[in-house]
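Engineer: To start, I am sharing the structure in question, which I have written as structure tokens.
The values are calculated or read from the model by the stated rules, or taken from the named source; none is laboratory data. Computed from a predicted structure; not experimentally measured. Reconstructed Cβ throughout: ideal geometry from the backbone, glycine too, with neighbour counts over all protein chains shown.
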There are 4 protein chains.
Amino acid sequence: MPDTMKCLAFVDAGTVQLIDREIPKAGPGEAVVRSTASLICTSDVHTVAGVLPVPYGRLLGHESVGVVHEVGEGVTRAKVGDRVAVNAVTPDGTCDNCQRGLSSQCGGPLGGYRFTVQKDGNLAEYFHVNDADYNLAPIPEGLADEVAVYACDMLSTGFAGAQNAHIPLGGTVAVFAQGAVGLSATIGAKLLGAGLIITVEGIPNRAALSKQFGADIVIDPADGNVAEQIVDITHGGVDSAVEALGSQATWEGCLYATKEGGTISNVGYHGEGGPTLTIPLDAFGLGMAGKRITTDLCPGGRDRMERIMRLLATGKVDPTPMTTHRVGIGDAEAAFEMMRTKSDNVVKPLITF
Amino acid sequence: MPDTMKCLAFVDAGTVQLIDREIPKAGPGEAVVRSTASLICTSDVHTVAGVLPVPYGRLLGHESVGVVHEVGEGVTRAKVGDRVAVNAVTPDGTCDNCQRGLSSQCGGPLGGYRFTVQKDGNLAEYFHVNDADYNLAPIPEGLADEVAVYACDMLSTGFAGAQNAHIPLGGTVAVFAQGAVGLSATIGAKLLGAGLIITVEGIPNRAALSKQFGADIVIDPADGNVAEQIVDITHGGVDSAVEALGSQATWEGCLYATKEGGTISNVGYHGEGGPTLTIPLDAFGLGMAGKRITTDLCPGGRDRMERIMRLLATGKVDPTPMTTHRVGIGDAEAAFEMMRTKSDNVVKPLITF
Amino acid sequence: MPDTMKCLAFVDAGTVQLIDREIPKAGPGEAVVRSTASLICTSDVHTVAGVLPVPYGRLLGHESVGVVHEVGEGVTRAKVGDRVAVNAVTPDGTCDNCQRGLSSQCGGPLGGYRFTVQKDGNLAEYFHVNDADYNLAPIPEGLADEVAVYACDMLSTGFAGAQNAHIPLGGTVAVFAQGAVGLSATIGAKLLGAGLIITVEGIPNRAALSKQFGADIVIDPADGNVAEQIVDITHGGVDSAVEALGSQATWEGCLYATKEGGTISNVGYHGEGGPTLTIPLDAFGLGMAGKRITTDLCPGGRDRMERIMRLLATGKVDPTPMTTHRVGIGDAEAAFEMMRTKSDNVVKPLITF
Amino acid sequence: MPDTMKCLAFVDAGTVQLIDREIPKAGPGEAVVRSTASLICTSDVHTVAGVLPVPYGRLLGHESVGVVHEVGEGVTRAKVGDRVAVNAVTPDGTCDNCQRGLSSQCGGPLGGYRFTVQKDGNLAEYFHVNDADYNLAPIPEGLADEVAVYACDMLSTGFAGAQNAHIPLGGTVAVFAQGAVGLSATIGAKLLGAGLIITVEGIPNRAALSKQFGADIVIDPADGNVAEQIVDITHGGVDSAVEALGSQATWEGCLYATKEGGTISNVGYHGEGGPTLTIPLDAFGLGMAGKRITTDLCPGGRDRMERIMRLLATGKVDPTPMTTHRVGIGDAEAAFEMMRTKSDNVVKPLITF
């Protein structure tokens, strides 16, 4: 049994490095998982860019699945050797917000997001899991790890975007931006009964994936005012819009594209722009048009993971076309750089171990 | 322009007959539609069997689409010549229940169900529509009448069954009986994000359709206790069950097959058995297991029709494999008899004009 | 029977005048009501200030109750002589939004708001009601007109503010501003099971009314940062906040005062500030703190009026302490001026006929 | 520090006895509480009557508050000496059902109900609490223990009855039976915005309490068909009914008294009648009248307790008129006997220590 592991660390401002680190230990109620598949997330790019106050040396990553390597005292559900997926958000299940079902806000705003932000991430050969009984989700037999890994963040976040959009059965929805979260929201919109799905994306391979995942119409933002086009197509605006980028432009687009009484669901991360978001009051009916804005961070916990993986296991959802690249952990630095620069038409690079 | 039309009437106890009748007129706020496609419903069979207090001479049918033939004074939305679909339930939009969104219960219990029950049905070359602005739904360009006609009752009812089942995203659902409503509930369960769909059906062609529409597993009730099999497969019961037959056996099956905290959604018509339904208290946790029972009749109105037809127009739902037979209105008597006896593996006979 | 009536008109920029006007007539499906009690609303002040594009000559007012004077052809529910209340919002019950339960957005954004905006208002001895069967709500026997009149806008809007705030049973809520709508939201918060109600108001008589209507704590905005005080009192923020003023300051206050996963419910009219509202991203968790923003205009229709009046008739709600002044219609100009200048501690002036 | 404690035990078929028992110990994540106030529940009477399979020697009771006496390893929220309330239902917070918010069904049907059923109850000087961080709710300063103790079961259950009844704002509700749970449901119906509250109770002091807690009308079942009276009073039936007894008669009454589209919420325990409940199909619209049946057992957990106690601390709810008797733990046998025979107009006997 090795003592050390390879892992991707945020070592200095703007710098990531593949390093060796001691394999973590499992305290009471905790577990350690040996990774089999990971995905790199744009959130890690934000972290390395200095947007979040993360100390140097912290490991990156929050989308990994694997095999239980060690369980701490009191863990009753998972056993060493079990194949498990762990959500990017690992709630404790006990705090006020968890008791109300707000797992992503465990302990405080965005508090369920522990990997990298509060402790080491899991772009690593081994990783530590708090509250193991709450968070270790068994991967169904027959479901490949490299498929299951999409449940950790992309599908859980994208589906939350679609769920919080309150799409009426057969209703109309617009998803702004078709990166991996936006594509997942498109899958979610189709999964939850949308009648017409319009997506907004200018990069050709993402637009193609969007169609493949269920978009009826893909609008290239280079082709003029997006919201106006959506209002035209839908004769008045969509029932629901999903903001999956995190910019003032897409935010405004959602507000203008959504009809009175509709819902704007935000899953875009707005940490890279200025200190405020602006709501044009004409798009907001002066605060009286019945529009609703919802927001979320990836909802976590075992039960949600199990339900998402059931959709994968029964073949109702197949996110793997998002896997544009595959590399071993030894090449994680290069994969991260590709993600940072969004080069080579990358959507999601899969890391294998 | 003819004065009379061919139509299928309930002429005497147990007897239907193709008759000639005057074409109806449109009063203020009303419309008359010339039919292009109709479906025969098992509800009509119930009616003819004498289950509902319907006077002899009443026309049968409530699943028809067509072209607007006449509009009464004050009708503003539809124009003569428009292709339209009309829900089996035609609410007035004004009563207390309509104001609360309970369109199927317009004016009282089951009160939105007007065709045949309160006035002539629409298995006829022409039919009358009350509250035309509320009820005439334009058929989208490119959507064939014989597809749109499924929105009138089958999909609206089956989808209500799935909606009222409160299936969690990726959750498990069982649909008991795979007649046309049950099959539509299966389509609805898939459409609304179920992770595992188990259906119960013994007739081979219906079982095959069930698979085609999204069932992961079809259980033949001849193969032993259905609820026990469902509990085994799901390790404790489904999140949601849909009763799509209307019998004590399927009702009980739903209660036993559903896990604590789950939902039993009834769209089966229980008018053919005895005067009561029985709830086994062990299946009901003595009234404390958090189980919920929901019921509904086909929800009506234009908006719902438009949303369901959007799903058809964008190809997300294709109910046409249910059309096992096609006949002209001249052969409607024979089609009705086939429906009554469920012969020749009939699911839905389509009537053309 | 007189031919003309006294009524309050918006005659020129910034000017209102008591004028004589012909009594309106009821067309098909419509009604005319003889007023018995009216309230003047701050919305009328906004209108006269030129915020909304209303033509000169238009009558003001949208909060009136009275006796049915005339019913048009086809009206079936109300009869001449019935005592009725009419919501400020008079939906047609038929449009897409009405069919979905969004009565305030009838026909388009804010489209249910017809009085003054789309046709004459009802600060008049007689007033016209569209879609009478949908909108005329009988006043229960024993309920005084001057109590019932609060259901027309103040309680319907304030209760919507509380409903849309999604206050958990026993949860914490802050209501920003205690004008008549804010006070009504306070009544609504108490009515809907809030555990702790904090209100924000600096005017002493309004603060006193707030306590009387259920506020546990009233914060004077002159006493320092309101949101910080609320976060302190609640150890982290309220579950729900209601914006009942319509300013950037109160809007921001709501965002900062609400904890992660909470709801900000806007019923304030934001037409008097600049063209945008600003969301501070730290108060919004960068779009990921699970905060939800809801908005609404007064929901209308008979059913809602009947339910609100039931609360008045059974004594569960008594809004009459808001009636700070009473005048005859002859003194409506002075009452309007008082409302415009918010002089003499006015909350709501009641107009009698 | 004593080693033993006084406690009320179920010692043999039909027999309870005040016995001495060792004070329990707190394992990891657990706590022991020294009781200060307890209530006796009719559920204990059911248990002693042999309805549930509880072994002889098991301690009774599940409604107790007190002071933390010992905390096990890993407990972080509560400290020795804290005043705390513990819900009758003590979920683990981790199981599938808890992760979905179904705390009462922790681990399986009715599985959150641990006291007496799965381990010793808490009619005892000291009692053990599993999953202490999830279940120990601090009692707010200024809230007396003998008030807080009503949050443990009566208010949590009664409020669940009202919440699951989905009472529309200003809607009509009927609560069948006004024992302590029914009275609490009446408090809950008022708390959640019911417009008209009709209760059903024949015992005079309970009828009087019902009025005091918010009932507008109390119907004595001795005065003829209750459901018919309710349908008459409400011109068609209530929006919502709460079954708070657990008998075929009240169950049927709820079904008949509720209008189409309404909700029947069951919190009555149906373990004392036969093996089935019967639904009259005419009251159920043949399964198509849009009626909904919901069921629940007391929802548990710290967050709910804190919210209910907030309502008590701010004076919005005062359940103490239900305390008809007070005795020391030494007289618990007599108090239990009084509860068993429902003698001396008992509603709830409070046990002090």
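Engineer: Against the conditions (1) assigned to a loop (DSSP other than H, G, I, E, B); (2) closer than 21 Å to A:Leu297 by Cβ; (3) touching a helix residue (DSSP H, G or I) at 6+ places or on another chain (Cβ under 6 Å), where does A:Ala162 fall short? Just the number, please.
Structural biologist: (1)
Engineer: Only one of D:Asp92, D:Asp96 is in contact with an Asp or Glu (Cβ under 6 Å, 6 or more places away or on another chain) and without any contact (Cβ under 8 Å) to a residue 12 or more places away in the chain. Can you tell me which?
Structural biologist: Matching residue, one of D:Asp92, D:Asp96: D:Asp96.
Engineer: Hey, among D:Met288, D:Met309, which residue is crowded, with 24+ Cβ neighbours inside 10 Å, within 14 Å of chain C (Cβ to nearest Cβ), at pLDDT 95 or above and out of contact with any Lys or Arg (no Cβ under 7 Å at 6 or more places or on another chain)?
Structural biologist: Answer to the selection: D:Met309.
Engineer: Still on this structure, please answer the following. Here are D:Tyr150, D:Tyr134, D:Tyr113: which of them is surrounded by 23 or more Cβ atoms within 10 Å (Cβ to Cβ), of a type in the set (Phe, Trp, Tyr), assigned to a helix (DSSP H, G or I) and within 15 Å of the chain's Cα centre (by Cα)?
Structural biologist: Numbers: D:Tyr134 fails: within 15 Å of the chain's Cα centre (by Cα); D:Tyr113 fails: assigned to a helix (DSSP H, G or I).
Matching residue, one of D:Tyr150, D:Tyr134, D:Tyr113: D:Tyr150.
Engineer: Still on this structure, please answer the following. In the stretch D:256-270, which residues are hydrophobic (A, V, I, L, M, F, W, C) and in a loop (DSSP other than H, G, I, E, B)?
Structural biologist: Answer for the stretch D:256-270, where residues must be hydrophobic (A, V, I, L, M, F, W, C) and in a loop (DSSP other than H, G, I, E, B): just D:Val267.
Engineer: If A:Val218 satisfies every condition in (1) out of contact with any Ser or Thr (no Cβ under 8 Å at 6 or more places or on another chain); (2) modelled with pLDDT of 95 or more but one, which is the exception?
Structural biologist: So the condition that A:Val218 fails would be (1).
Engineer: Look at the stretch B:266-285 and say how many of its residues are more than 7 Å from every other protein chain (Cβ to nearest Cβ), aliphatic (A, V, I, L, M) and more than 22 Å from B:Leu169 (Cα to Cα).
Structural biologist: Within the stretch B:266-285, residues that are more than 7 Å from every other protein chain (Cβ to nearest Cβ), aliphatic (A, V, I, L, M) and more than 22 Å from B:Leu169 (Cα to Cα) number 1.
Engineer: In addition: Hey, among A:Ser240, A:Ser156, A:Ser184, which residue is crowded, with 24+ Cβ neighbours inside 10 Å, under 27 Å from C:Ala289 (Cβ atoms) and either within 11 Å of chain B (Cβ to nearest Cβ) or free of Cβ contacts under 8 Å to residues at least 12 places away in the same chain (or both)?
Structural biologist: A:Ser156
Engineer: Would you check if B:Val173 is more than 10 Å from chain A (Cβ to nearest Cβ), crowded, with 24+ Cβ neighbours inside 10 Å and not in a helix (DSSP H, G or I)?
Structural biologist: yes
Engineer: Moving on to the next point. Counting just the residues of the stretch A:13-37 that are aliphatic (A, V, I, L, M) and assigned to a loop (DSSP other than H, G, I, E, B), which one comes out nearest to the other protein chains (Cβ to nearest Cβ)?
Structural biologist: Checking each candidate, the answer is A:Ala26.
Engineer: Quick check on D:Gly188: is it closer than 22 Å to D:Leu311 by Cα and not in a strand (DSSP E or B)?
Structural biologist: Yes, satisfied.
Engineer: Evaluate the stretch D:318-331: report whether one residue or more is modelled with pLDDT of 95 or more, touching a helix residue (DSSP H, G or I) at 6+ places or on another chain (Cβ under 6 Å) and surrounded by 19 or more Cβ atoms within 10 Å (Cβ to Cβ).
Structural biologist: Yes, some residue in the stretch D:318-331 is modelled with pLDDT of 95 or more, touching a helix residue (DSSP H, G or I) at 6+ places or on another chain (Cβ under 6 Å) and surrounded by 19 or more Cβ atoms within 10 Å (Cβ to Cβ).
Engineer: Here's a follow-up. With the requirement that a residue be part of a loop (DSSP other than H, G, I, E, B) and in contact (Cβ under 8 Å) with a residue 60 or more places away in the chain, what does the stretch A:201-216 give you?
Structural biologist: Correct list: A:Ile203 only.
Engineer: Another one. For B:Val75, state whether it is modelled with pLDDT of 95 or more, on the phi < 0 side of the Ramachandran plot, over 23 Å from the mean Cα position of the chain (by Cα) and buried (at least 22 other Cβ atoms within 10 Å of the Cβ).
Structural biologist: Numbers: modelled with pLDDT of 95 or more: yes; on the phi < 0 side of the Ramachandran plot: yes; over 23 Å from the mean Cα position of the chain (by Cα): yes; buried (at least 22 other Cβ atoms within 10 Å of the Cβ): no.
When the stated conditions are applied, B:Val75 does not pass them.
Engineer: Then there's this: Hey, does the stretch C:26-43 have a residue that's more than 27 Å from C:Arg326 (Cα to Cα), without any contact (Cβ under 8 Å) to a residue 24 or more places away in the chain and either of a type outside the set (Asp, Glu) or crowded, with 24+ Cβ neighbours inside 10 Å (or both)?
Structural biologist: Looking for residues that are more than 27 Å from C:Arg326 (Cα to Cα), without any contact (Cβ under 8 Å) to a residue 24 or more places away in the chain and either of a type outside the set (Asp, Glu) or crowded, with 24+ Cβ neighbours inside 10 Å (or both), one finds none in the stretch C:26-43, hence no.
Engineer: Further question: Under 13 Å from D:Asp133 (Cα atoms), in a loop (DSSP other than H, G, I, E, B) and either outside the structural domain of D:Lys348 (by TED's automatic domain parsing) or not β-branched (Val, Ile, Thr) (or both), is that true of D:Gly81?
Structural biologist: Details: under 13 Å from D:Asp133 (Cα atoms): no; in a loop (DSSP other than H, G, I, E, B): yes; either outside the structural domain of D:Lys348 (by TED's automatic domain parsing) or not β-branched (Val, Ile, Thr) (or both): yes.
Answer is no for this residue.
Let's see how each residue does on (1) among the aliphatic types (A, V, I, L, M); (2) not assigned by TED's automatic domain parsing to the domain that holds A:Leu191:
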{"position": "A:Ser265", "(1), (2)": "no, no"}
{"position": "A:Glu272", "(1), (2)": "no, no"}
{"position": "A:Pro275", "(1), (2)": "no, no"}
{"position": "A:Gly287", "(1), (2)": "no, no"}
{"position": "A:Gly290", "(1), (2)": "no, no"}
{"position": "A:Leu311", "(1), (2)": "yes, yes"}
{"position": "A:Met322", "(1), (2)": "yes, yes"}
{"position": "A:Arg326", "(1), (2)": "no, yes"}
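Engineer: Right, another one. Which is among the basic types (Lys, Arg), out of contact with any strand residue (DSSP E or B) (no Cβ under 8 Å at 6 or more places or on another chain) and under 23 Å from A:Ala207 (Cβ atoms), of A:Lys342, A:Lys348?
Structural biologist: Selected residue: A:Lys342, the only one of A:Lys342, A:Lys348 that is among the basic types (Lys, Arg), out of contact with any strand residue (DSSP E or B) (no Cβ under 8 Å at 6 or more places or on another chain) and under 23 Å from A:Ala207 (Cβ atoms).
Engineer: Something else now. Select, from D:Gly93, D:Gly61, the only residue that is in contact with a helix residue (DSSP H, G or I) (Cβ under 6 Å, 6 or more places away or on another chain), at pLDDT 95 or above and assigned to a loop (DSSP other than H, G, I, E, B).
Structural biologist: The conditions single out D:Gly93.
Engineer: OK, next. Can you name every residue in the stretch A:85-96 that is over 12 Å from A:Asn130 (Cβ atoms) and crowded, with 24+ Cβ neighbours inside 10 Å?
Structural biologist: A:Ala85, A:Ala88
Engineer: Which ones in the stretch D:116-131 are away from chain B (no Cβ under 14 Å), of a type outside the set (Asp, Glu) and surrounded by fewer than 23 Cβ atoms within 10 Å (Cβ to Cβ)?
Structural biologist: D:Gln118, D:Lys119, D:Asn130
Engineer: So, one more: Return yes when C:Ile203 is touching a Lys or Arg at 6+ places or on another chain (Cβ under 9 Å), farther than 30 Å from A:Glu272 by Cα and either among the acidic types (Asp, Glu) or surrounded by fewer than 19 Cβ atoms within 10 Å (Cβ to Cβ) (or both) and no when it is not. First the steps, then the outcome.
Structural biologist: Numbers: touching a Lys or Arg at 6+ places or on another chain (Cβ under 9 Å): yes; farther than 30 Å from A:Glu272 by Cα: yes; either among the acidic types (Asp, Glu) or surrounded by fewer than 19 Cβ atoms within 10 Å (Cβ to Cβ) (or both): yes.
Yes.
Engineer: Same structure again: Answer yes if at least one residue in the stretch B:232-247 is in contact with a strand residue (DSSP E or B) (Cβ under 7 Å, 6 or more places away or on another chain) and in a helix (DSSP H, G or I), and no otherwise. Even if it seems obvious, please write down each step before you answer.
Structural biologist: To start, the set of residues in the stretch B:232-247 that are in contact with a strand residue (DSSP E or B) (Cβ under 7 Å, 6 or more places away or on another chain) comprises B:233-234, B:236-245.
Of the ones still in play, those that are also in a helix (DSSP H, G or I) are B:233-234.
Yes, the conditions are met somewhere in the stretch B:232-247.
Engineer: Name the residue, out of A:Ile198, A:Ile219, A:Ile167, that is of a type in the set (A, V, I, L, M) and either more than 13 Å from chain B (Cβ to nearest Cβ) or free of Cβ contacts under 8 Å to residues at least 12 places away in the same chain (or both). Talk me through it step by step, then tell me what you get.
Structural biologist: Working: A:Ile198 fails: either more than 13 Å from chain B (Cβ to nearest Cβ) or free of Cβ contacts under 8 Å to residues at least 12 places away in the same chain (or both); A:Ile167 fails: either more than 13 Å from chain B (Cβ to nearest Cβ) or free of Cβ contacts under 8 Å to residues at least 12 places away in the same chain (or both).
Within the list A:Ile198, A:Ile219, A:Ile167, the selection yields A:Ile219.
Engineer: Could you count how many residues in the stretch B:262-275 are in contact with an Asp or Glu (Cβ under 9 Å, 6 or more places away or on another chain) and surrounded by fewer than 24 Cβ atoms within 10 Å (Cβ to Cβ)?
Structural biologist: So the answer is 1.
Engineer: Give the stretch B:243-265 a look and list any residue that's of a type in the set (Phe, Trp, Tyr) and away from every other protein chain (no Cβ under 11 Å), or say none.
Structural biologist: B:Tyr256
Engineer: Then there is this: Exactly one of (1) of a type in the set (Val, Ile, Thr); (2) farther than 20 Å from B:Ser43 by Cβ; (3) surrounded by 19 or more Cβ atoms within 10 Å (Cβ to Cβ) is unmet by B:Thr352. Its number?
Structural biologist: Only one criterion is unmet by B:Thr352, namely (3).
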